[in-house]
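Everything on this sheet refers to the single structure shown next.
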Amino acid sequence: MNKHTLFICTTCASVWQNGNRIGESGGQQLLQQLQELAQTWELQHKFSIQAVECMSACNRACVIAFAGEGKLTYLFGDLPKEGSAPAILECATQYYTKSDGSLPWSERPEPLKKSILAKIPPLNIAASSNKN
(Lines give C-alpha, C1' and ligand atoms only; values in the text may rest on other atoms or scores of the structure.)
Protein backbone atom coordinates (compact mmCIF):
# COMPACT_ATOMS: atom_id res chain seq x y z
CA MET A 1 0.00 0.00 0.00
CA ASN A 2 1.23 3.52 -0.78
CA LYS A 3 2.57 5.80 1.92
CA HIS A 4 0.11 8.17 3.61
CA THR A 5 0.88 11.24 5.70
CA LEU A 6 -1.13 13.54 7.95
CA PHE A 7 0.61 16.92 8.20
CA ILE A 8 -0.13 19.21 11.16
CA CYS A 9 1.00 22.83 11.31
CA THR A 10 2.66 23.37 14.68
CA THR A 11 2.81 27.16 14.32
CA CYS A 12 -0.98 27.48 14.07
CA ALA A 13 -2.84 29.38 16.79
CA SER A 14 0.35 30.70 18.40
CA VAL A 15 0.54 33.63 20.80
CA TRP A 16 3.37 36.01 19.88
CA GLN A 17 5.10 38.69 21.90
CA ASN A 18 8.03 40.77 20.61
CA GLY A 19 8.56 38.32 17.73
CA ASN A 20 8.73 35.26 19.99
CA ARG A 21 6.17 32.52 20.42
CA ILE A 22 4.79 32.36 23.95
CA GLY A 23 3.85 28.95 25.32
CA GLU A 24 2.51 26.07 23.29
CA SER A 25 0.68 26.73 20.03
CA GLY A 26 -2.76 25.37 19.25
CA GLY A 27 -1.15 23.34 16.45
CA GLN A 28 1.25 21.72 18.90
CA GLN A 29 -1.68 20.87 21.18
CA LEU A 30 -3.58 19.35 18.25
CA LEU A 31 -0.49 17.35 17.22
CA GLN A 32 -0.16 15.94 20.76
CA GLN A 33 -3.84 14.96 20.81
CA LEU A 34 -3.49 13.24 17.42
CA GLN A 35 -0.35 11.38 18.49
CA GLU A 36 -2.06 10.22 21.67
CA LEU A 37 -5.20 9.03 19.86
CA ALA A 38 -3.12 7.38 17.13
CA GLN A 39 -1.59 4.99 19.66
CA THR A 40 -4.79 2.91 19.44
CA TRP A 41 -5.68 3.81 15.81
CA GLU A 42 -5.90 0.84 13.44
CA LEU A 43 -3.79 2.72 10.86
CA GLN A 44 -1.05 3.90 13.22
CA HIS A 45 1.64 2.00 11.27
CA LYS A 46 0.28 2.86 7.81
CA PHE A 47 -0.38 6.61 8.13
CA SER A 48 2.46 8.78 9.43
CA ILE A 49 1.72 11.90 11.47
CA GLN A 50 4.19 14.64 10.65
CA ALA A 51 4.66 18.05 12.26
CA VAL A 52 5.24 20.98 9.89
CA GLU A 53 6.69 24.27 11.14
CA CYS A 54 4.31 26.37 9.00
CA MET A 55 1.78 25.60 6.27
CA SER A 56 1.24 29.29 5.37
CA ALA A 57 -2.47 29.37 6.17
CA CYS A 58 -2.03 31.42 9.35
CA ASN A 59 -5.37 33.19 9.10
CA ARG A 60 -7.15 29.79 8.98
CA ALA A 61 -5.52 28.05 12.01
CA CYS A 62 -5.43 25.19 12.91
CA VAL A 63 -4.35 23.60 9.62
CA ILE A 64 -3.81 19.95 8.62
CA ALA A 65 -3.36 18.10 5.34
CA PHE A 66 -3.80 14.54 4.06
CA ALA A 67 -1.39 13.33 1.37
CA GLY A 68 -0.79 9.98 -0.26
CA GLU A 69 1.09 8.71 -3.29
CA GLY A 70 -1.13 8.87 -6.36
CA LYS A 71 -3.96 10.49 -4.38
CA LEU A 72 -5.58 13.88 -4.06
CA THR A 73 -4.05 16.06 -1.34
CA TYR A 74 -6.48 17.83 0.98
CA LEU A 75 -5.74 20.92 3.06
CA PHE A 76 -8.10 21.78 5.92
CA GLY A 77 -8.11 24.85 8.17
CA ASP A 78 -10.18 26.58 10.84
CA LEU A 79 -10.06 23.41 12.93
CA PRO A 80 -10.52 23.94 16.66
CA LYS A 81 -7.53 22.72 18.67
CA GLU A 82 -9.91 21.05 21.11
CA GLY A 83 -12.11 18.20 19.93
CA SER A 84 -10.91 17.95 16.31
CA ALA A 85 -8.50 15.03 16.71
CA PRO A 86 -11.07 12.17 16.60
CA ALA A 87 -12.71 13.64 13.48
CA ILE A 88 -9.31 14.11 11.82
CA LEU A 89 -8.35 10.46 12.35
CA GLU A 90 -11.81 9.33 11.18
CA CYS A 91 -11.35 11.37 8.00
CA ALA A 92 -7.79 10.04 7.60
CA THR A 93 -9.22 6.51 7.70
CA GLN A 94 -11.70 7.43 4.95
CA TYR A 95 -8.87 8.95 2.91
CA TYR A 96 -6.74 5.82 3.34
CA THR A 97 -9.50 3.49 2.11
CA LYS A 98 -10.23 5.47 -1.08
CA SER A 99 -7.99 4.52 -4.01
CA ASP A 100 -7.92 8.13 -5.26
CA GLY A 101 -8.17 9.73 -1.80
CA SER A 102 -11.47 11.44 -2.60
CA LEU A 103 -13.34 12.79 0.42
CA PRO A 104 -16.86 13.76 -0.66
CA TRP A 105 -18.37 16.51 1.50
CA SER A 106 -21.29 14.33 2.62
CA GLU A 107 -18.97 11.60 3.94
CA ARG A 108 -16.57 13.82 5.92
CA PRO A 109 -16.89 14.17 9.70
CA GLU A 110 -18.63 17.42 10.66
CA PRO A 111 -15.53 19.50 11.62
CA LEU A 112 -13.99 18.81 8.19
CA LYS A 113 -17.05 19.66 6.08
CA LYS A 114 -16.70 23.45 6.08
CA SER A 115 -12.98 23.66 6.73
CA ILE A 116 -11.54 22.62 3.36
CA LEU A 117 -8.97 25.07 1.99
CA ALA A 118 -7.68 23.12 -1.01
CA LYS A 119 -8.03 19.88 -2.94
CA ILE A 120 -4.87 19.35 -5.00
CA PRO A 121 -4.68 16.77 -7.80
CA PRO A 122 -2.12 13.98 -7.50
CA LEU A 123 1.14 14.14 -9.41
CA ASN A 124 0.98 12.16 -12.61
CA ILE A 125 3.96 9.93 -11.94
CA ALA A 126 4.00 8.40 -15.44
CA ALA A 127 3.94 11.81 -17.14
CA SER A 128 6.60 13.33 -14.88
CA SER A 129 9.00 10.41 -15.38
CA ASN A 130 8.74 10.75 -19.19
CA LYS A 131 9.97 14.38 -19.14
CA ASN A 132 13.54 13.53 -18.09
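The values are calculated or read from the model by the stated rules, or taken from the named source; none is laboratory data. What you see is a predicted model, and the numbers here were worked out from it, not measured in a lab. Using ideal geometry, Cβ is built from the backbone for each residue, glycine included, and neighbour counts are taken over all protein chains shown. Side chains are part of the model used for accessible areas, which takes the heavy atoms of the whole protein and leaves out ligands, DNA and RNA. Shrake-Rupley method; radii C 1.70, N 1.55, O 1.52, S 1.80 Å.
Straight-distance candidates among the lysines for linking to Lys81, with alpha-carbon spacing under 30 Å and chain neighbours fewer than 8 residues away dropped: Lys3, Lys46, Lys71, Lys98, Lys113, Lys114, Lys119. Quick check: the angle from helix 26-38's long axis to the longest principal axis of the chain, C-alpha only, nearest 10 degrees? Taking the Cα atoms of the chain, the angle to 26-38 is about 60 degrees. Each peptide in 80-93, 97-110, 59-72 was scored by the mean count of other Cβ atoms within 10 Å over its residues; highest first, the order is 59-72, 80-93, 97-110. Relative to the longest principal Cα axis of the chain, at what angle does helix 85-97 sit, 0 to 90 degrees, rounded to 10? Between the helix axis and the principal axis of the chain, the angle is about 10 degrees. Placing +1 on the Cβ of every Lys and Arg and -1 on the Cβ of every Asp and Glu, with no other charges, gives the chain a dipole of roughly 400 debye about its Cα centre.
Computed over the alpha carbons of segment 3-130, Rg followed by Dmax gives 14.9, 50 Å.
Remark: spin-label model distance Trp16-Glu42 equals 4.2 nm, labels positioned 7 Å along the Cα→Cβ axis.
Looking at the chain alone, DSSP beta bridges between its own residues are antiparallel in about 70 percent of cases. Taking θ as phi - 60° and the Karplus parameters 6.51, -1.76 and 1.60, the scalar couplings of segment 9-24 work out to 6, 8, 8, 3, 6, 8, 9, 10, 9, 6, x, 10, 6, 9, x, 9 Hz in sequence order, x denoting glycine and proline.
Entry comment: accessible area of segment 10-60 is 65 Å² per residue, from protein heavy atoms only and a probe of 1.4 Å.
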